[in-house]
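Written below as structure tokens is the structure these notes are about.
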Amino acid sequence: MARAFLVVIDSVGIGGAPDSDRFFNGDLPDTGANTIAHIAAACAAGEAEEGRSGPLYLPHMDALGLGAAVKLASGVEAAGLGATPTGHWGAATEVSPGKDTPSGHWEIAGVPVPWDWHYFPDAQPSFPADLSARIAQAAGAGGILGDCHASGTQVIADFGGEHIRSGWPICYTSADSVLQIAAHEEHFGLERLLQLCQDVAPIVHEMKVGRVIARPFVGDEATGFVRTGNRRDYAIAPPSPTLCDWVQGAGHMVYGVGKIGDIFSMRGIDNLRKGSDEALMQHLKDLVIEAEEGSLTFANFVEFDSLYGHRRDISGYARALEWFDRELGEVLAQLREDDMLLITADHGNDPSWPGTDHTRERTPVLIAGLGAGRIGQVGFVDIAASVAAHLDVPAQGTGRSFL
């Protein structure tokens, strides 16, 4: 019986989004952003030598069709990625009015976002006074700290000491539709932070803010503050059933790997496995061996985006891509005869681009297990329809299978 592995390498865009002029980093439109092509160009020019060296080396993804997909999406030749594809390959275009994590994943799972997200202004204060008051009340605190757009590491460096002294939560946002709340695991309490985020989430979801994210940290002013791995996302629920629900409703197992449980509010997820990207790769390898017949494994690898894209670290992003490609070789070797492994992304995050926000780009569609062939230009929703077709599960969305 067929199995499907749907793997999102978070933010690995390939340029060419037709509406990129409507999306911005600051005052600069995303026109011309191309995450893979620009990383490849920097590597070829010797400009991405920290922890690695030379041209970008992605033999497994390039063999599946990555270089061909970049050219299809954007017309750009990605340096060093010129293999003749041995997999099915194409490029996917998003229609949802956002370049954020929930929009991309929901649409990949067959459900475009039917509303405009609410974004908090890049001003100080960023949050409406009534919302700040409700957060403080839910926290049992006299107020909130931060109340601004900020880097997650910088905001705890700036306000961590005052947070410990006052007991007020640190609240901040970004160019995404998100409210992030940081608190010290020991002084404020991890469970208290998680409960606060859970209590606040329905309030901001009513505003069409996509996520509330708990950002726990440890440390002190003398030695510095460090975020822990106990992050938790409280995302607004998708407006209609997704691929996960379709598969689960047909009686098949759905495994989530990484942020998938948070992104889909655990709807349609039977088994969730979390951790760092390194741990998630091991979970994926285990599931290629262990996953039930007829199952869907839906995985997200977030550190491309969180550690390298937003921080505009070209060398780090290149290292992560090459690590993923090496590990992918082991995954491919373990696939069964009727398995399909589909690799895509939810948006771009070009580390060569000005600013720190995501970039509006098309994304690759690379498929192992079904032979070779050109898929062409498809929609994000067509990915869900195609996975459903492979699993012989009725699709409920508007997408069309390209299988």
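Odds and ends about this structure:
- Each residue in region 245-278 was checked for being out of contact with any Pro (no Cβ under 9 Å at 6 or more places or on another chain), more than 25 Å from G210 (Cβ to Cβ) and of a type outside the set (D, E), and 3 pass.
- Every condition in (1) of a type in the set (F, W, Y); (2) closer than 18 Å to A2 by Cα; (3) in a loop (DSSP other than H, G, I, E, B) is met by F298 except one, and the failing one is (3).
- Residue in region 44-59 that is touching a strand residue (DSSP E or B) at 6+ places or on another chain (Cβ under 7 Å) and crowded, with 24+ Cβ neighbours inside 10 Å present: no
- V111 out of contact with any Leu (no Cβ under 7 Å at 6 or more places or on another chain), aliphatic (A, V, I, L, M) and crowded, with 24+ Cβ neighbours inside 10 Å: yes
- Conditions (1) within 27 Å of Q248 (Cβ to Cβ); (2) without any contact (Cβ under 8 Å) to a residue 60 or more places away in the chain; (3) not polar (S, T, N, Q); number of the one not met by A333: (1)
- Qualifying position, being under 30 Å from L366 (Cα atoms), among the small types (G, A, S) and not in a loop (DSSP other than H, G, I, E, B), among A68, A138: A68
- Scanning region 323-359 for residues that are within 15 Å of H38 (Cα to Cα) and not in a loop (DSSP other than H, G, I, E, B) yields G348, T359.
- Candidates in region 221-254 are the residues that are of a type in the set (D, E, K, R) and touching a Gly at 6+ places or on another chain (Cβ under 8 Å); of these, the one that is surrounded by the most Cβ atoms within 10 Å (Cβ to Cβ) is D245.
- When region 101-127 is limited to residues that are among the hydrophobic types (A, V, I, L, M, F, W, C), in contact with a helix residue (DSSP H, G or I) (Cβ under 7 Å, 6 or more places away or on another chain) and in a loop (DSSP other than H, G, I, E, B), the one that is modelled with the lowest pLDDT turns out to be V113.
The values are calculated or read from the model by the stated rules, or taken from the named source; none is laboratory data. Since the structure is predicted, the reported quantities are computational estimates derived from the model, not experimental observations. Heads up, the Cβs are rebuilt from the backbone with ideal geometry, glycines too, and the neighbour counts pull from every protein chain shown.
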